[in-house]
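Laboratory data are not the source of any read-out in this text; all were calculated from the coordinates shown. Quick caveat, the model's predicted, so the values are computed rather than measured. Positions of Cβ are generated from backbone atoms using ideal geometry, with glycine treated the same way; all protein chains shown enter the neighbour counts.
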Amino acid sequence: MTPSFNPPKKRSRVATTAHKDNADSSLKRNKPVVGYLLFKKVVIENANAISSPLTYGFPAVTGFLGSFHAMSRKMAEHSELSSLSLGGVLLACYECTPHIYRDKSYNNYTFNQSRNPLKKDGKTASIIEEGKCRLVMSFVVEVLSDSKPSNELTSVLAKQSKQWIWQQRLAGGSVFGIDRFNPVQYFDADDIDAVVPHLLPAFVLMEAKQEFSEIIDSVQQNNPDATSLDALIDVATLHHIPKTKDNGDTKWITTSSKTGHGWLVPMPIGYQGISELFEAGVMQNVRNPEYPSQYVEAVYGLGKWVYPQRLGGAQSEYDLIKAFWRYKYDKDNNLYLVTQQKDD
């Protein structure tokens, strides 16, 4: 079971579409993976740096999956590419720069805010606080089909995808650049290992379920009443402990529960419904009234940044095939998740 937790309901109540459109796309994921599309070194400006009510920095995974899901729907309407669709997405990040500022070295950072245009009556519009960041990322996306595409079709796919990526919003940001020489490349399913050199020197985002379980056990050994929420907060905490030397001097030692587990980061991994599922058109002010909707709150877990060279075959510590993020709907527990586990 994936370690996860929910904050108290009062922290976040977000109206969102019940992802029936994404559930429909899961039918396409039953098709075999015939290849991979590599979008290399995509520069994204003004991406949403507030990934959840509790975390900030790198955008939520759902912000990227939704973008490529939208691209897959464009493929379904394309005369030549309608036999293909897109599946899971591998996220490799070279640079993540939040737009932040502080006037003194001992002050806290704050997000840079933009002034909105004047209103119709000429008065100053109010500032809606938001957090933005600049990203340089590569994406590897599964290409699904019932049969292996021809070279001519993959050439059309790469060319059309290059055009679509410029038009697509990614995690709320706009694409300002892409690799000059090899912007979009297609790899056959058997050549997945050839993708790894193109990802260097980025870091690939992986699930850290095992590490989270170990940290939860460790925290609960010291405090049996601790919850998984306490364990996740502890991951983001530095403990400064004084140690007295033999000569009487005090030395401060900094420790963290994630020491020895790698580069761990708290992150949202989806949503859990906190209300009944309303029929299409019942809930007001939703993004897409064509589908059922319900109130949800964020669900959290741990992610881990892994160097691409550690991604290898099934016998390696991290299987490259398992580095792709996908939607997963758990009807029994009312969960809308992003996970690197394949559907059963």
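Summary table
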item: Gain in span if fully extended, residue 159 to residue 263, counting 0.36 nm per residue against the direct Cα distance; result: 33.9 nm
item: Integer Hz, Karplus 6.51/-1.76/1.60 couplings in order for the range 118-132, x for Gly and Pro; result: 4, 6, 4, 8, x, 7, 6, 6, 6, 8, 8, 5, 8, x, 10
item: Sites matching trypsin sites (Lys or Arg not before Pro) across the range 255-314 that sit in DSSP coil, with at most 13 neighbouring C-beta atoms within 10 Å; result: 287
item: For the range 261-335 and the range 208-232, distance of Cα centres in Å; result: 21
item: From phi via Karplus (6.51, -1.76, 1.60), per-residue ³J(HN,Hα) for the range 271-279 in Hz, x at Gly/Pro; result: 9, 10, x, 10, 8, 5, 8, 8, 5
item: Amide H partners (placed H, <5 Å) of residue 177, local residues excluded; result: 43
item: Cβ-derived FRET efficiency at R0 25 Å, residue 254 paired with residue 217, nearest 0.05; result: 0.65
item: Cβ-Cβ FRET estimate between residue 82 and residue 169, R0 fixed at 22 Å, reported to 0.05; result: 0.40
item: For residue 85, residues with placed amide H under 5 Å, excluding near neighbours; result: 144
item: Antiparallel bridges, percent of DSSP beta bridges restricted to the chain (to nearest 5); result: 95
item: Charged-residue dipole, Cβ positions (Lys, Arg, Asp, Glu), the chain about Cα centre, Debye nearest 20; result: 1200
item: Ranking of 147, 155 by count of other Cβ atoms within 10 Å, fewest first; result: 147, 155
item: Sorted by Cβ neighbour density within 10 Å, fewest at the top, the residues 252, 164; result: 252, 164
item: Square roots of five times the Cα gyration tensor eigenvalues for the range 209-260, Å; result: 27, 11, 9
item: For the chain, with +1 on Lys and Arg beta carbons and -1 on Asp and Glu, the positive-most of 93, 36, 219 along the dipole; result: 93
item: Proximal charge balance of residue 225 [Cβ under 15 Å; K/R count +1, D/E count -1]; result: -3
item: Neighbour cut-off at most 14 other Cβ (10 Å), DSSP loop, chymotrypsin sites (Phe, Trp or Tyr not before Pro), the range 62-143; result: 106, 109
item: Whole-number D in µm² s⁻¹ for the chain, Kirkwood Cα-pair radius fed into Stokes-Einstein, 4 °C, 1.567 mPa s; result: 58
item: The range 283-298 - phi-based ³J(HN,Hα) in whole Hz, Karplus 6.51/-1.76/1.60, Gly and Pro as x; result: 6, 8, 6, 8, 5, 9, x, 7, 10, x, 9, 7, 7, 9, 9, 6
item: 133, 93 arranged by Cβ crowding within 10 Å, fewest neighbours leading; result: 93, 133
item: Amide H partners (placed H, <5 Å) of residue 263, local residues excluded; result: 305
item: Pair residue 310, residue 70: separation of 7 Å Cα→Cβ label points (nm); result: 3.3
item: Spin-label model distance (nm) - residue 94 vs residue 227, 7 Å beyond Cα toward Cβ; result: 4.2
item: Simple Cβ-charge dipole of the range 209-260, Lys/Arg +1 and Asp/Glu -1, about Cα centre, in debye nearest 20; result: 220
